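I have placed the structure first, in the form of structure tokens, so that the comments after it can refer back to it.
The values are calculated or read from the model by the stated rules, or taken from the named source; none is laboratory data. Everything numeric in this text was worked out from a predicted model, so none of it was measured. Here Cβ is always computed from backbone atoms with ideal geometry, including for glycine, and neighbour counts include all displayed protein chains.
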Amino acid sequence: MSHKIQRPVSQQTIEKTLSFSVCLLLLLLSIDVEAISAQTKKKKPTKQTEEQTLITGDGWSIPIVYYNSTEGKEAPVILLLHDRKQSRNVWSKKNGLARALQDQGYAVIAMDLRYHGDSKYGMQDFEKKRNEGKFSKRDYAAMVFQDIETVKGFIFKKHQEKSLNMRKMGIVGIGMSGPLAIAFTAYDWSKPPFKDGATLEQRTPRGQDVRSLVLISSDKYVTGMNTMKQLRVLSRYSANMKILIQFGNKDTENPAVGKIAKDFYQRLGGKKSADRKVLYLVEYDSRHRGAELLEDNKDAKTNFTVFFEKSLKHLNGPNDEWKDRRNRFLRDD
């Protein structure tokens with residue numbers, strides 16, 4: 001039987017082998033790090049604008065423009081409402097306020113209320129009503145409890161996707177939509193939580209999400225809306241939200257806008273609420289109203305953006321962080 005004699009491996013060969021192995025390991029580690037880095041970069045959201053059409057419970061098509069936030073699940077969200085005979089386009093201009101808010105880290109939604117902009121109901125033509133801007137109490141109620149509530153459902157969806165935090169929600173109402181914003185905020189704060197916990201603190205909220213309300217050149221009321229009663233509801237929750245009221249004192253479309261603003265201010269607690277820094281009233285030397293007031297007056301725009309930063313971005317309590325908002329009994333986990 002023959003035996004092969006194995007020659008001893010030289011020190012130089014061992015060193016070369018080890019050197020090659022180390023280089024190979026470093027190369028593999030480098031590839032892994034680069035792959036992980038690429039995946040991380042890929043997952044980081046980028047600023048985007050998305051147009052969608054939402055369908056309300058009563059069959060209306062409501063167009064929206066959604067500006068996402070790059071801040072993920074803790075991003076505040078702001079809903080922008082338009083005035084009578086206007087549309088989402090007052091906010092969605094190329095260099096408009098919606099884009100400016102997105103640049104500051106907010107998720108933003110501009111919407112068309114029914115009978116405005118590109119909203120539709122089947123093939124029916126509402127051109128006359130759209131042009132006149134005269135609506136019934138049923139129309140206004142549907143704007144709140146159908147149109148805006150449907151958009152709130154969209155916000156809930158984005159919340160569950162961890163694209164924003166619906167607990168940090170703001171609403172802007174201008175002119176006609178001022179009373180609508182007030183009505184929706186009162187409605188949102190009046191919603192009872194799901195009965196999915198032994199105590200109130202353990203239950204999942206269905207509302208109480210509007211933490212910031214801005215009224216610009218607001219009308220006093222719309223047909224069928226008891227705005228004064230709804231303001232009383234808001235005053236009960238003043239510790240949990242902040243309100244900014246702005247107007248131009250040379251408003252020719254509605255000369256009573258200053259009187260309306262000051263009346264709202266008093267009904268929401270006046271100086272007492274102002275001293276607690278939950279209510280602000282600001283008058284500007286301007287003939288402009290609504291979104292145009294913010295575009296025309298630098299101070300108005302600055303106050304507008306600083307207000308949202310203090311009232312939404314600074315929310316950091318245990319009840320303000322992102323949480324699953326589904327009924328606990330309907331969750332998979």
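A few points about this structure:
Residue by residue, here is whether (1) under 30 Å from THR70 (Cα atoms); (2) among the small types (Gly, Ala, Ser); (3) modelled with pLDDT of 95 or more holds:
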site: LYS137; (1), (2), (3): no, no, yes
site: GLN146; (1), (2), (3): yes, no, yes
site: GLY173; (1), (2), (3): yes, yes, yes
site: ALA181; (1), (2), (3): yes, yes, yes
site: PRO192; (1), (2), (3): no, no, yes
site: LEU200; (1), (2), (3): no, no, no
site: GLY207; (1), (2), (3): yes, yes, yes
site: SER217; (1), (2), (3): no, yes, yes
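- Members of segment 175-200 that are over 23 Å from GLU292 (Cβ atoms), of a type in the set (A, V, I, L, M) and touching a helix residue (DSSP H, G or I) at 6+ places or on another chain (Cβ under 7 Å): ALA183, ALA186
- Hey, ASP275 without any contact (Cβ under 8 Å) to a residue 24 or more places away in the chain and not assigned by TED's automatic domain parsing to the domain that holds VAL90 or not: no
- Failed criterion for GLY290 (all others in (1) in the same structural domain as LEU101 (by TED's automatic domain parsing); (2) over 29 Å from GLY96 (Cα atoms) hold): (2)
- Scan segment 159-172 for residues that are part of a helix (DSSP H, G or I) and surrounded by 22 or more Cβ atoms within 10 Å (Cβ to Cβ) and the total you get is 1.
- Counted residues, segment 69-91 - those being buried (at least 21 other Cβ atoms within 10 Å of the Cβ) and either in contact with a Pro (Cβ under 6 Å, 6 or more places away or on another chain) or part of a loop (DSSP other than H, G, I, E, B) (or both): 8
- Residues in segment 293-333 that are free of Cβ contacts under 8 Å to residues at least 24 places away in the same chain and aromatic (Phe, Trp, Tyr): there are none.
- Here is the figure for segment 225-247: residues that are surrounded by 15 or more Cβ atoms within 10 Å (Cβ to Cβ) and part of a loop (DSSP other than H, G, I, E, B) total 3.
- Residue match in segment 276-283 (condition: acidic (Asp, Glu) and at pLDDT 95 or above): yes
- Only one entry of ALA274, ALA256, ALA291, ALA300 meets the criterion of being more than 24 Å from the chain's Cα centre (by Cα), closer than 27 Å to TYR106 by Cβ and not acidic (Asp, Glu), and that entry is ALA274.
- Flag for LYS158 being at pLDDT 95 or above, within 16 Å of the chain's Cα centre (by Cα) and at positive phi: no
- One residue from LYS162, LYS220 being in contact (Cβ under 8 Å) with a residue 40 or more places away in the chain, in contact with a helix residue (DSSP H, G or I) (Cβ under 9 Å, 6 or more places away or on another chain), charged (D, E, K, R) and more than 19 Å from LEU281 (Cα to Cα): LYS162
- Qualifying residue in segment 292-307 (condition: closer than 19 Å to GLY170 by Cβ and not in a helix (DSSP H, G or I)): no
- Residue within segment 115-129 that is in contact with a Leu (Cβ under 8 Å, 6 or more places away or on another chain), in contact (Cβ under 8 Å) with a residue 12 or more places away in the chain and either buried (at least 21 other Cβ atoms within 10 Å of the Cβ) or among the aromatic types (Phe, Trp, Tyr) (or both) present: yes
- Selected residue [on the phi < 0 side of the Ramachandran plot and either among the acidic types (Asp, Glu) or touching a helix residue (DSSP H, G or I) at 6+ places or on another chain (Cβ under 6 Å) (or both)] from LEU113, LEU79: LEU113
- THR252 being surrounded by fewer than 16 Cβ atoms within 10 Å (Cβ to Cβ), on the phi < 0 side of the Ramachandran plot and hydroxyl-bearing (Ser, Thr, Tyr): yes
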